[in-house]
1. Cβ-Cβ below 8 Å, separation at least six or inter-chain, first residue in the stretch 227-254 and surrounded by 18 or more Cβ atoms within 10 Å (Cβ to Cβ), second assigned to a helix (DSSP H, G or I) and of a type in the set (Gly, Ala, Ser): which pairs?
2. Look at the stretch 394-420 and say how many of its residues are under 21 Å from Ala283 (Cβ atoms) and of a type in the set (A, V, I, L, M).
3. Going through the stretch 293-308 one residue at a time, which ones are assigned to a helix (DSSP H, G or I) and aliphatic (A, V, I, L, M)?
4. Condition check: open to solvent by less than 20 Å² (accessible area, probe 1.4 Å), aliphatic (A, V, I, L, M) and more than 26 Å from the chain's Cα centre (by Cα). Does Leu334 satisfy that?
5. Which members of the stretch 175-190 meet the condition of being part of a helix (DSSP H, G or I), open to solvent by 10 Å² or more (accessible area, probe 1.4 Å) and small (Gly, Ala, Ser)?
6. Name the residues in the stretch 47-70 that are buried (at least 20 other Cβ atoms within 10 Å of the Cβ) and in a loop (DSSP other than H, G, I, E, B), would you?
7. Hey, can you tell me all the residues within the stretch 12-35 that are closer than 20 Å to Asp46 by Cα and in a strand (DSSP E or B)?
8. Looking at Ile343, Ile406, Ile385, which one is closer than 30 Å to Ile154 by Cα and crowded, with 16+ Cβ neighbours inside 10 Å?
Amino acid sequence: MTGFTLGKLIIEGKTKKVFEVLEDSSLCLLQSKDRITAGDGVKAHDLEGKAAISTATTAKVFELLNQAGIKTAFVKVTGETSFVSKKCEMVPIEWVTRRLATGSFLKRHPGVPEGYRFNPPLQETFFKDDANHDPQWSEEQIISASFKLNGVLIDKDKYDIMNRTTLVVFEVLEKAWSTRDCALIDMKIEFGVDTNGEIMVSDIIDSDSWRLWPSGDKRLMKDKQVYRNLTSVTKADLDIVKRNFKWVADQLEYLVPPPSSLVVILMGSPNDEEHCKKIATYAQNLGLRTCLRVCSAHKSTEETLRILAEYEGSGEKVVLIAVAGRSNGLGPVLSGNTPLPVINCPPVKPENVSQDVWSSLNVPSGLGCTTVLYPESAALAAAQIHALNDHLVWSRLRVKQLTNFITLKNADAKMRNLTV
């Protein structure tokens, strides 16, 4: 462990220990064990190397969620088998999301065929109680329990926020795993409330947390279900389970690539630089790379087409945004000479809004450039195009929708509680 001193043991579970961090009372350290369990701990075995694999898996999963913009308790890896997290009081609920019907769902719902697809994904909640085998709880039971954690009451609003966040976490990871031709079948997560009263995804997310079927084939499963299915457990069996877990950790290395989707913002005049910089800032916040260029379709048509050819031949994934006021020739000329997506975002002025917008809208037949008025709208439109092939950009957009939902939820709760 680097840079942190362990305090007392806070809690010990079947597969991990949680310690205080003396340097910062708002943090804790999670230490994984070389231990695998199933059936509420009835089946358990030592599995050398599992702790390191679990830590590597959790770190990559939380790195992906953090990059997407989801609030998590994860802070940093501190050793091969440990990481530092924000200290949270945990909501005693497992939040489960299912894309396909399998496992315990089939036992509880006889008659549903295995592989039944849930669109949208099905969400279930289970109260953490090993003695009673984690019974399924309804929304009403969770709200009625009136859990209060670090001063935060888990009411209807907090339930809705966690429920929506659970869905987005699943969708982000499902989209990421699909890039490795691997189907995320179902998964569970937990939430905690940190010392500032913020609700966030907490604990560990590793191969104990989900079902993964490469190529969507159950026979190729790489998750803990392989261990659950064993009627007797040999060293050879445990070696297979360990190799599966290592495969998962290795695949995760590919799920957080550097930004690759490019937005080229072409301005007809350097006078439009500020407008273009606003577009670039919004685009970068959505995980897009940006490049600003100056060219005029009217005054330097040949140079405009040369710049266009530069990006057509780059081999990169590119969306073009044309920023030109007055008579917008830039967007239509670009659109007429490339299959790349073109978005017009004219820097309109109050005195001639209708004329400037009309020149971007009333384009000749055969052209497909679209027009938006605001820098944020241009960035969002470009991101939605890139999201078709970039799971990180897709995730940023999905989390942006989640953030809007949470912001409105919190604002509504605050307004309801005002005394008029």
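1. Hits for this filter: Phe245/Ser54; Ala249/Ala56; Leu252/Ala56.
2. Selection size over the stretch 394-420: 3.
3. Of the residues in the stretch 293-308, the ones assigned to a helix (DSSP H, G or I) are 301-308.
If the condition is that a residue be assigned to a helix (DSSP H, G or I) and aliphatic (A, V, I, L, M), then Leu305, Ile307, Leu308 are the ones that fit.
4. Working: open to solvent by less than 20 Å² (accessible area, probe 1.4 Å): yes; aliphatic (A, V, I, L, M): yes; more than 26 Å from the chain's Cα centre (by Cα): yes.
Answer is yes for this residue.
5. Step one: list which residues in the stretch 175-190 are part of a helix (DSSP H, G or I), which gives 175-178.
If we keep only those that are open to solvent by 10 Å² or more (accessible area, probe 1.4 Å) too, we end up with 175, 178.
Once the filter is applied, which keeps residues that are part of a helix (DSSP H, G or I), open to solvent by 10 Å² or more (accessible area, probe 1.4 Å) and small (Gly, Ala, Ser), the stretch 175-190 yields only Ser178.
6. Leu47, Ile70
7. In the first step, residues of the stretch 12-35 are kept if they are closer than 20 Å to Asp46 by Cα; the result is 12-18, 30-35.
Passing the criteria: Glu12, Lys16, Lys17, Val18, Leu30, Gln31, Ser32, Arg35.
8. Working: Ile343 fails: closer than 30 Å to Ile154 by Cα; Ile385 fails: closer than 30 Å to Ile154 by Cα.
None of the others qualify; the one that does is Ile406.
The values are calculated or read from the model by the stated rules, or taken from the named source; none is laboratory data. Fair warning: this is a prediction, and the values are worked out from it, not measured in the lab. Cβ: placed from backbone, ideal geometry, glycine included. Neighbour counts: every protein chain shown. These area figures cover heavy atoms from the full protein model, side chains too; ligands, DNA and RNA do not enter into them. Shrake-Rupley method; radii C 1.70, N 1.55, O 1.52, S 1.80 Å.
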